[in-house]
Amino acid sequence: MSPEQEKGKTDPVDDNQAKGTMIPYFPGCTLKTKAKIFETSALRVARCLGIDLIELPRWNCCGTVTSLTSDDLIHHVAPIRDLVRVEDMNTMGEIYQEYRLVALCSMCFHVLKRAHLRVMQNPGELEKINNLMYLENDYQGKVSVLHFLELLRDIGFPKIQKTVERPLAGLKVSPYYGCLLLRPKEAAIDDPEDPVILSHLLEALGAEVINNPFKTRCCGSYQTVCDKAAVAELTFDILSRARTEGADCVTTSCPLCMFNLADRQKEVMEKHPEFAPMPVLYFTQLMALAFGLDESVCGFDQNVVDPRPLLREKGLST
Amino acid sequence: MKRTGVYVCHCGGNISEVVDVKRVAESVGGQPDVVLAKTHEHMCSETGQNLVIHDIKEHRLDRVVIAACSPQFQGPTFKATLEKAGLSPYVLEMANIREQCAWPHFGFPEEATKKAMSLVGMAVAKVRLDEFLKKMTFPIGRRVLVIGGGIAGIQASLDLGDAGFNVYLVEKDPSIGGKMMQLSRTFPTEDCAACILSPKMADVAANRNIHMLTYSEIENIEGYLGHYEVTVKKKPTYVDPDKCTCCGDCVGVCPAVVPNELEEGLLSRKAIYLPSPIAVPHAYVLDAEACLGLLPIACGKCKEVCDPGAVDFSMRPELVRFTVDTIIVATGYDIFDAGQKKVYGFGKYENVVTALDMERMVVHSAEGNPMRPMGKRIAFIQCVGSRDEQVGNEACSRICCMYATKLSQLLKRSDPSRDIYVFYTDLRAYGKGFEEYYKRAQGDGVKFIRGRPAELVEDPKTKKITLRAEDTLSRNIIESEFDLVVLSVGLRPNEGTDIIAKLLRLGKSPDGFLQEAHPKFRPVDTLTDGVFLAGTVQGPKDIPDTVAQASAASSRAIRLMNRGEYDVDPVTAFVHVESCDGCGLCVDRCPSQAISLVANVAVINEALCKGCGSCIAHCPKDALDLHCYTNDQMLAQVQAALTDKKDTDVRTLIFADDMTGYRLADNVGTAKMSYSFDSRIIRVPSCSRVTPKLMLQAFVFGADGIILCESEKNSNPYPHSVPTIMSHVSKAKDILGQVDIEQDRIHFVQFVTVMLAGFVNNINRLSEIARSLGPIPAGPLRRLSQDMDKKLFGGDHDS
Amino acid sequence: MIPKIVLTSDHVDFLKKVSELSGQIVTKCDQCGTCSASCPMVDGMDITPSQMMRLVQLGRREVLESKAMWVCASCFACTVRCPRGSDLSKVAEALRQILLRQAIDHIDIKSIPEDEIERLPQIALVSGCRKFTG
Amino acid sequence: MKEKKINVMERVREASKAVVTGVDDKDIEHWVDIHIMGKAYQVPADLTIMQAIEYAGYRLMRSCGCRAGFCGACSTIFRRKGEYKLQGAMACQTRVEDGMMLVQIPFSPAEKPLYDIREEKYDSSVLLKYFPDVARCVSCNTCTKSCPQDLQVMDYVQAALKGDFRGIAEGSFECIQCGLCAIRCPAEIVQYHMAQFARRMYGRHGSKRDKNVENRVGEIKEGKFNEEFDRVMGLSVAELRDIYTKQQNTREVY
């Protein structure tokens, strides 16, 4: 296959739309390292939908968790500084009137959005933060932080369905939302107790959606640093339940959920020898697969629990 | 020279602990027409009132100022006092130094005292110009509309009907009976609900004074106390109730099956059905929406089998119009939509039901034909949709504790091998016999666990429900499986109530139920004259409370109607004939069509005039005026409010409408919420009475800012007033702009009586604005006072 | 042995401190236990979240010796369910911060085994540092 | 007239004046008042901080190195008159100003981990392995603000979180290891040690070898400079000192 053909295959973008809508995008530290495949697949599927996600220049780590005390501002400086970069992109003319900022990682999304909400509700705090960051431009509050899933919802699931080349027929996927996309209410992308956004996406991809009553239950988050056992137990509960409900694999949108659900299966099996490994995939990997993109984009070789045998069994991979 | 007596009340310390009442009394002593100024411990007591009567006679007083609580509270008392002493009740003014001084400024005695002096000064200035008016009297008939045919509406109708009043009872369902008809037994006595209700329903049907309109909805209500014009839309039942023998043959042949409302959808019914075995009127109904087709007839089988020929497809909706004198609103409640509480999976899990479902299941089990298996392990979850900010209802629904106690006992007693758990947060057994009933349930072995379950999860195979809760008494997490989980759903305002509330301009309390006129002393009255509340439309309550309130509402209605006439304050517009040049500008502007031109002079029809005062602004000659709130009086109050203002002071005037603004200020005071001392509240019937001229004059006399506080449009007794005020305000602002005075000095805000914080914020904000703007410079003020009349009516006269 | 509690003004001060730091009116909690039953980490706690709230309501500093706030994963399950609209995660954070601000760290990042650090994603370490070190 | 009391420190100061400035006090027209460690001094207006300290009579045992802005030894923190901001600078590169308050930071206490760059995996995790404190960064940017070299310190710390060795190496290339960033960091990160490690790793594993370096290494290995090495190694201490002094004399004195 020639390079041209190769390109045509992996990039079914209409030539007229070769330059898609440019939207600033915040990767977050883990997407540049351990979750590289999440970024790669997301950027490519976005292109297929006519969106060019432009990496925010000079972005810094958002902090991953929101500081919750009333008097602490220093931990909100990082996310606000990132939001300043979005406004800078507009003033510098790198993008035109585009104040949306797309995040992929649930934690980044949560922190950026809550920081924005907090300073918008407390102008005094914004003033202090702006003052501390006197080397930067002031944050004007124009940015609207979006999770990639929200962007997909805005694009419309019917459109996504049209882009699908290889429907994920027969693949039983259980969506896992975790916490930070849904809670608290003011920063949620969907109903905190009964989210549907991933189900709608998976249905558009042609997969069979398996509802897991524990889809919003916490994976243990940062407790994984000091309490592996507790996290493994939660992973065991979540994945076992998904299997009971009939799922083949689980999909998520957070690198930390991914680590806890996938990497910690090792600890699960030490405690529960009967536990059979279950593949956990980023939703963008499944999108890439359904869009007919190359396996190097899908990056299944980088998943801790190799999904390829399952995909082959379902006739979705060679 | 007028002879005014001023009385400053201690209010048993309520006022005197903050305000130096003695200084307040002394402060007006110097005014030429103030004959005496006294203080008293309790002005509203008999000794206080006698003091006034004595002084009126002894000192030949012809004007009285009482500085005490809000006129909303004791105004009627003191009016009666003046009448007893042979004076017109309208030469009384009250200075509200409790709600507007002592309470909101309780931490600042000096400021409160100064403000009190100012308020008394304003009252003295106004009372000087009071006229010797008489009460107006209007005739009233004996017709009542009762909206809602539940137990509240039934009880109210029976009381009124028995007392000889004519009742129109309007019910939206095909049968009266309401929610009570669905219940199994009533707590704590365990009477069979249907058994005690059905005789009352039959009484309604039998009462010749009660005209029942079932399957009917209110289309429109217009008018006022003594003359409410009602339009009701009666839906066709397609079955002639007089011919129907209730044989049930039609049901057998009807092919259309829909969920049965009486059974909460747990059972089905046909399109043609008997609403309930105890339905009143007792006749079949054909549900047009469920029927396969009436126009044209698609099936018609029911008509074919009906021997008496009761089925009549030619029936059409009917508009019924009638006039009543008073109205009782008894539209009841809906149960909370349990599907909203998503963690409990109602609607998703087949073994999660509401308590009302359970009532029906218990009824059918008792009759020996259970609807569905109930299992051995049953859990009740309390406070579903109540006391829960996550679903937007902070209030307690009051009845759930006891109905769960009742249902759990009934279930346990009918099968003692059942394991029944009630998960509660607080168990409230406050009523007569309730605590004993709760104890009995505990004795019967029902287990009460103090903890609110967080989530329910269904087993995909067995369909059993796993419940997770903390036993907060032992601090353990309980995770157990149940065969059935019952959600004790709370009470929410009935959806249909909204329309009625809008038509009758009724306010809502924060919980969404309708607001009574006073929580303590007028619990069934509303702020709309002649409209009363009965039952759960006012808030959750059990059956005895509902019945008691229904009787109270009917008695309040009877009190109004029984005399054959009622009194109103003579707040009507009048014309200064000598000034009127017959231009007629006012005629079209009156929303009640109360003004006409007779012999080239404007004449007011007092029966039609509602006293809003909105016409006054339209007269270029200042010939229109309003009794009790005359132009001179308004100006005198404004001047008095500004006389003690120092150069460094900021002074804002708050015009507050009687319906909402003034009551809101009272509520703020009662809540002891503090606001700026700079403000002086001036009561008006509606802010549409505040003319642009008055606003501008206020600035000339030294005001720094003005707020007009008016009832929000939907609860305003004068529906036209909001646009009128807007045009007045924009006119005044225009002129301010022309003379370079900041337009931000005038604010217009719409309120409902619960917006306490909003009221305070607006007052404080205006003070801040005025402070930051600084005093109005002399130049613009001079120009304003010189050109005011020209600017106000220049345009109008040209056109 | 049932310990006797003597309530003093110190208890009031502690309640005030936690209330200010968390921005929550802790006394509003009516101990319904929804938080505890919602908590995914409760199995590893020595006191339940609602008990933690109770101790704070009474201003009892012993709450700082408990594990509960360190086991909290800030998943906000309690936050979205609290019928009184309290944000428990903020109360737990306040308790953590009271200790962290006294330079009492919950974990020593240098003590995490090197192979575990190599395995953990950045996101885990950053969040761990934020929540467990001052 | 009251006799002026002269203490030991003032005598030292008198003695060192000419040494520092080469100019007699009488000829100096402009003076500034400064505070060194809380004590007031009047010094000639055009001195660097380092010269001013010495003019004031202090002898610098530490906090003094190349005197040319390269070695990073003379870290100083100071506040200007009327300013709330705390500044950092190299004492040898910054002039005193009237009202300045200053103190030397001769050493930033920080442990340097032991590593063998040949053995380490060239992977993002290695940075966190040796410097897990990097994960504590709150992006407050204080490090950048305090850097006397005007480096974007925060940016290279963030690059470390992203595992971007090249970003760190290029971002920290002009770092002089003065430690002012680490002293001021609220997250107690040791930025400059981490950056040094990253530069070394990048040099070893990441960057392309430069052709000139390759050539020179080849030449050394081939023995092209053996003769010169032997000559220098054979010199006596006196000869070496002589060469050094001559070399110094040809350069500008700072």
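Nothing in this text is a laboratory measurement; each read-out follows from the coordinates by a stated rule. Model, not experiment: these values are computed from the prediction. Every residue, glycine as well, gets a Cβ built from its backbone with ideal geometry; the counts of neighbours run over all protein chains shown.
Counting every pair of alpha carbons in region B:607-649, the share spaced more than 14 Å apart comes to 60 percent. Spin-label pair C:Lys67-B:Arg765: with each label point 7 Å from Cα along the Cα-Cβ axis, the two points sit 5.2 nm from one another. According to the Kirkwood relation over distinct C-alpha pairs, the hydrodynamic radius of region A:3-148 is 16.1 Å.
Convex hull volume of the C-alpha atoms in region A:207-318, normalised per residue: 100 Å³. When chain D is modelled as a GNM with alpha-carbon springs shorter than 10 Å, which of D:Ala89, D:Ala160, D:Ala68 fluctuates the most? In the Gaussian network model the winner is D:Ala68. By other beta-carbon atoms within 10 Å, ranking D:Val103, C:Val6 with the fewest at the front produces C:Val6, D:Val103. Note down the net charge around B:Ser596, summing +1 for each Lys or Arg and -1 for each Asp or Glu among other residues with Cβ under 15 Å from its Cβ. Taking every Cβ under 15 Å from that of B:Ser596, the sum is -1.
For C:Lys67, the aspartates and glutamates whose Cα comes closer than 16 Å to its Cα, not counting residues fewer than 8 places off in the same chain, are A:Asp227, C:Asp43, C:Asp46, C:Glu93, C:Asp105.
If only the Cβ of Lys and Arg carry +1 and only the Cβ of Asp and Glu carry -1, the dipole of chain B around its Cα centre is close to 800 debye. Remark: B:His728, D:His205 ranked as D:His205, B:His728, counting other beta-carbon atoms within 10 Å and listing the fewest first. With θ taken as phi - 60° and the Karplus curve 6.51 cos²θ - 1.76 cosθ + 1.60 applied, the whole-hertz 3J(HN,Hα) list for region B:326-335 is 9, 9, 10, 9, 9, 7, x, 9, 10, 7 Hz, x standing for glycine and proline. Please check: in the Gaussian network model of chain A (C-alpha springs, under 10 Å), which one of A:Pro195, A:Pro57, A:Pro279 has the largest mean-square fluctuation. Ranking A:Pro195, A:Pro57, A:Pro279 by mean-square fluctuation puts A:Pro57 first. The Rg/Rh ratio of chain A, with Rg taken over Cα atoms and Rh as the Kirkwood radius over Cα pairs, comes to 0.98.
First measure r as the distance between the Cβ atoms of D:Asp150 and D:Ser207, then evaluate 1/(1 + (r/R0)^6) with R0 = 25 Å and state the FRET efficiency to the nearest 0.05. E(calc), rounded to 0.05, equals 0.60. When the square roots of the Cα gyration tensor eigenvalues are ordered a ≥ b ≥ c, the ratio a/c for chain D is 1.5 or more and a/b does not exceed b/c, which makes its shape oblate. By the count of neighbouring beta-carbon atoms within 10 Å, fewest first, B:Arg563, A:Arg166 end up ordered B:Arg563, A:Arg166. How high is the FRET efficiency between B:Asp33 and B:Arg563 when r is their beta carbon distance and R₀ equals 51 Å, given to the nearest 0.05? With a Förster radius of 51 Å, E is 0.85. Taken over region B:572-626, the ratio of Cα radius of gyration to 2.2 N^0.38 Å equals 0.94.
Separation of region A:50-112 and region A:264-278, taken as the distance between their Cα centroids, equals 37 angstrom. Taking a ≥ b ≥ c as the square roots of the eigenvalues of the Cα gyration tensor, chain B is classed as prolate, since a/c reaches at least 1.5 and a/b is larger than b/c. For region C:9-102, the convex hull drawn through the C-alpha positions has a volume of 81 cubic angstrom per residue. Measuring from centroid to centroid over Cα atoms, what is the spacing of region D:30-98 and region B:1-79 in Å? Centre-to-centre distance over Cα atoms comes out at 79 Å. Remark: the B:Phe106-B:Lys502 segment gains 138.8 nm on full extension, using 0.36 nm per residue and subtracting the alpha carbon distance.
A viscosity of 1.002 mPa s and a temperature of 20 °C, combined with the Kirkwood radius over C-alpha pairs in the Stokes-Einstein formula, give the protein assembly as shown a diffusion coefficient of 54 µm²/s.
Placing dummy labels 7 Å off each Cα toward the beta-carbon, the span from A:Glu313 to B:Glu261 is 5.3 nm.
Label separation (B:Asn220 vs C:Asp13): 7.1 nm, computed from points 7 Å beyond Cα along the C-beta direction.
I'd like the Kirkwood hydrodynamic radius of region B:1-135, using the inverse of the mean 1/r over distinct C-alpha pairs, in Å. Answer for region B:1-135: a Kirkwood hydrodynamic radius of 14.3 Å.
Rg/Rh, computed from the Cα trace of region B:228-345 with Rh as the Kirkwood radius, has the value 1.05. At q = 0.16, 0.20 Å⁻¹ the log10 of I(q)/I(0) for region D:124-206 amounts to -0.48, -0.77, computed by Debye summation with a single uniform scatterer per C-alpha, solvent ignored.
Taking a straight line from the alpha carbon of A:Lys19, these aspartates and glutamates sit under 16 Å away, with near neighbours fewer than eight places off in the same chain left out: A:Asp11, A:Asp52, A:Glu55, A:Glu94, A:Glu98. Please work out whether region B:162-274 counts as rounded, prolate or oblate from its C-alpha gyration tensor, where a ≥ b ≥ c are the square roots of the eigenvalues and a/c under 1.5 means rounded, while otherwise a/b larger than b/c means prolate and anything else oblate? Verdict is oblate for region B:162-274. Taking the alpha-carbon centroid of each part, what is the distance from region B:175-205 to region D:206-241 in angstrom? Cα centroid of region B:175-205 versus Cα centroid of region D:206-241: 109 Å apart. On the basis of the beta-carbon distance and an R0 of 30 Å, D:Arg62 and D:Ala40 show a calculated FRET efficiency of 0.80. The alpha-carbon of D:Lys211 sits under 17 angstrom from the alpha-carbons of these aspartates and glutamates, leaving out residues fewer than 8 places away in its chain: D:Glu219, D:Glu222. So which residue, out of D:Asp98, D:Asp133, D:Asp27, gets the largest mean-square fluctuation from a GNM of chain D using Cα contacts under 10 Å as springs? Largest GNM mean-square fluctuation: D:Asp27.
For the residue pairs B:Lys645/B:Lys693; C:Lys17/C:Lys131; B:Lys126/B:Lys790; B:Lys234/B:Lys502; B:Lys179/B:Lys508, alpha carbon separations beyond 24 Å are given by B:Lys126/B:Lys790. Partner shielding of A:209-220 amounts to 4, given as the average count of beta-carbon atoms from other chains within 10 Å of each residue beta-carbon.
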